[in-house]
Every structure is written in C-alpha cells, then in structure tokens.
1. Which ones in the stretch 256-277 are surrounded by 24 or more Cβ atoms within 10 Å (Cβ to Cβ) and either without any contact (Cβ under 8 Å) to a residue 12 or more places away in the chain or near the ligand (Cβ under 7 Å from one of its atoms) (or both)?
2. Given the condition buried (at least 21 other Cβ atoms within 10 Å of the Cβ) and in contact (Cβ under 8 Å) with a residue 60 or more places away in the chain, answer yes or no: does some residue in the stretch 123-145 qualify?
3. Quickly run through the stretch 306-327 and pick out the residues that are within 13 Å of the ligand (Cβ to nearest atom) and either farther than 24 Å from residue 237 by Cα or assigned to a strand (DSSP E or B) (or both).
4. Yes or no: the stretch 280-295 includes at least one residue that is outside any loop (DSSP other than H, G, I, E, B), within 12 Å of the ligand (Cβ to nearest atom) and under 18 Å from residue 235 (Cα atoms).
5. Can you name every one of the strands (runs of 3 or more DSSP E) wholly within the stretch 177-216 that holds 1 or more residues which are over 24 Å from residue 326 (Cβ atoms)?
6. Looking at 369, 303 in this structure, which one is more than 16 Å from the ligand (Cβ to nearest atom) and either in contact with a strand residue (DSSP E or B) (Cβ under 9 Å, 6 or more places away or on another chain) or modelled with pLDDT of 95 or more (or both)?
7. Being within 16 Å of the ligand (Cβ to nearest atom), within 14 Å of residue 276 (Cα to Cα), assigned by TED's automatic domain parsing to the domain that holds residue 217 and modelled with pLDDT under 95: is that true of residue 386 here?
8. How many residues are farther than 16 Å from residue 16 by Cβ and assigned to a helix (DSSP H, G or I) when one looks only at the stretch 55-81?
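The values are calculated or read from the model by the stated rules, or taken from the named source; none is laboratory data. What you are looking at is a predicted structure, and each value in this text was computed from that prediction instead of being measured. Every residue, glycine among them, receives a Cβ derived from its backbone with ideal geometry; neighbour counts consider all protein chains shown.
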Ligand code: CTP
C-alpha cells in the first residue's frame, strides 16, 4: 500500500450487524493511513458487535448511529453525509441490509443515506454460507449489481459459525485493495498486461544455486497498479517473498528458462509486456542432480556456464509484439547503457533505475529512455512510482493496439 494513495477521498463506512465488524477496525486503520477521511455510520445491530467508541478512536471522527442525532444542525445527517462522500462502503453488509438496499428501504440512518446518495455504493457481504446461498439473497445481490452497486467478495473459507463455504467477508487488506482499485483512474481499461518480476534462481545442485538481489517489489507494484488501472494482469514471478496483488493472476517460476517458457506461452494473449525481472544472464550447463561434495584433495569444483534466453528481446522480436517495456539496473553510466540497451533490445520504452542500485528498497528514482529522448521522474515510493509509470505507459500505447 502506498502511503496517502487515498488522500483527499471522503468515505462513508457503513457498518451493519455481523461478527465481521471486528475486522472493520483494521480496515478503518488502513483507510486512514492511506489518507482517506472515514466517516463511520453504524446500524443498531453493528453496535452490538463493536462499540462506536472504538470506531471513533480509529477513524478520528464522531460515529453516527441514528437518524435522530441532535448533533447535526439541520437534522439531515442522511443528506449531509452522503453529499460529502466520494463513496459509501458498507462493510460488513449483512443479509438483512442487502435485502433492504435491494428494495430501497429507508428505515434507519444508514439505509436512508444509501437511498439519498449521489455517489457510488460498494457493499462487502459477510454472512453464513446458507444465508449467502439463499435464493432471496442471490436475487437481492443480482438486483443490487443491476442497480450499479459494486459487490466486493464474499470470500470462501471457514466461518465464525464453524461451517466452511462462501459468504465470509474479504480480509481487511483485500477490501482496502478493492477500494483503492475502485478509485484508480482506469487508464488501462480493457488492456491485457503480462509482467515478469523478481530474480531467477539457477541451480548448481539440489541445494545450491545462482540468484541475485532483486526483491520483486517494483514488478509487484507495477502489477498492482496495472490491475488498479483496469487491466487484466498476468504476473510471472521468480522466487520472492511477496503477496500476490489483489486481482492479479500469478505464475511462479524458478529459472530463466522457465520464465522464458511461461512468457512465450502467455504472450500471444497480451498487448503490453513489462519485463521487470532481474533475469540471470547465465546458468550452469549441467546442474548436478546430487549435492556436490568437497574432495579429500581440496579440488575446487568448476562449472561451465551457458547463456540464458533474453526474454524481453525474444518478445520484442515476435512478428506482432505487444508494447514492450524493459527495465535496467546499472551500477554506473546509466545515460549511456540505458539508451544502448533500449535500442539493442528493440523496445519502445526502457525504464532505468537511477543509481545507487535500489534492490529491496521501498522507493526508487527512474529515467524513461525512448527514441525521442530521456525523461527523469521524481523519486517516489515504489507503489506511487508504479502508478505514474502505468500512466506513462498508457500514454504511449500505439493507436493500432486500441481495443474497440
Ligand atoms: N531481460 C530479460 N531476459 C534476460 C535478461 C534481461 O527479459 N535474459 C530483461 C530484464 O527483465 C530487463 C531488461 O531485459 O527488462 C534489461 O535487463 P538487464 O539485466 O539490465 O540487461 P541485460 O540484457 O542482462 O544486460 P547486462 O546484464 O549486460 O547489463
């Protein structure tokens, strides 16, 4: 999550009755940390599960629970609160509340402000699996979707009642991701983006190998930003310890050859290819299938290396290549190496990391290399930079690849 990525957004967070209410404490914390203003409104049932005092402390604002709240000067909380909001998020959204929403009922503050809204409405269902599967609930959810209400989840898995199935609320981090995604400009709507990220691991024997210091953070941040920008995203990842960004299809590989094969299989379906991986240039010709042991005479092992395929260059050479974007991490002379590398790989855009090497760091400073010249972007945290880079890529997409 980038700090302040929801800066200036004003959310009404409507809580209805359900055990998942305790998870909304964490969701509120994430939203506030990201810069959003969070106005909590609770139904009477929600206050049975978590107190308004807790939600007030976390959101930093008084919580509303009743349409008869005398604090509102004009006594029109339902109008004032929805007028100020960029979106209303109902989390958790109970079976009962979804039913009320689907029928346009307005018998308490939260239902009334939903009916009186002009802003988008997002609901995050949370209920027992039979309640979710009930035909009436399914009818109500279908009606809400037809009315333009966004449904986030539900998830599947163990439930508070001890059963397992569909209906449990998405985890707070996933709800946060879905809300951030909802607000991101959809500059890649309808596009399909394939990325590589992370290092590769080239085995020497079953316990040893050659790898590098890439953390995968930049590639994962770009995958997340592309997904938020509306693209269908396929991420081919080397060995990294990172969570898959929400809504992104991830394929794990180890070696450069596996990464190459995964990319070449997938690439015909994609119109943008972003090669962020730090691919090992060489591999040991014949990796040993048993652990190489020290010898009594202290003889050092020797290895023959062979070159790995250049994945980016191979994609750029295809008869109908997608729009290709490369990355370059150099330890010096980026000016020279960046443009030379872009031209050698025959790609329209190459993003050069301005030294020092930024492996594992959370921020980055880059220069864009393209045939027309260079553009330096200001230092930013990797997630914010990823959103900027996605916008820059979107601007450069050739009209011929526009999807009708
Ligand atoms: N790349 C690739 N396959 C490789 C090597 C690199 O797809 N076998 C891609 C990287 O993902 C990156 C770009 O090519 O987008 C440049 O990678 P880099 O390692 O900087 O360049 P190399 O071609 O390996 O050149 P060198 O190591 O000599 O600087």
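1. Those that are surrounded by 24 or more Cβ atoms within 10 Å (Cβ to Cβ) and either without any contact (Cβ under 8 Å) to a residue 12 or more places away in the chain or near the ligand (Cβ under 7 Å from one of its atoms) (or both): 256, 275, 276, 277.
2. The answer is yes, given that some residue of the stretch 123-145 is buried (at least 21 other Cβ atoms within 10 Å of the Cβ) and in contact (Cβ under 8 Å) with a residue 60 or more places away in the chain.
3. Those that are within 13 Å of the ligand (Cβ to nearest atom) and either farther than 24 Å from residue 237 by Cα or assigned to a strand (DSSP E or B) (or both): 306, 307, 324, 325, 326, 327.
4. no
5. So the answer is 202-205, 208-210.
6. The conditions single out 303.
7. no
8. Adding up the residues that qualify gives 7.
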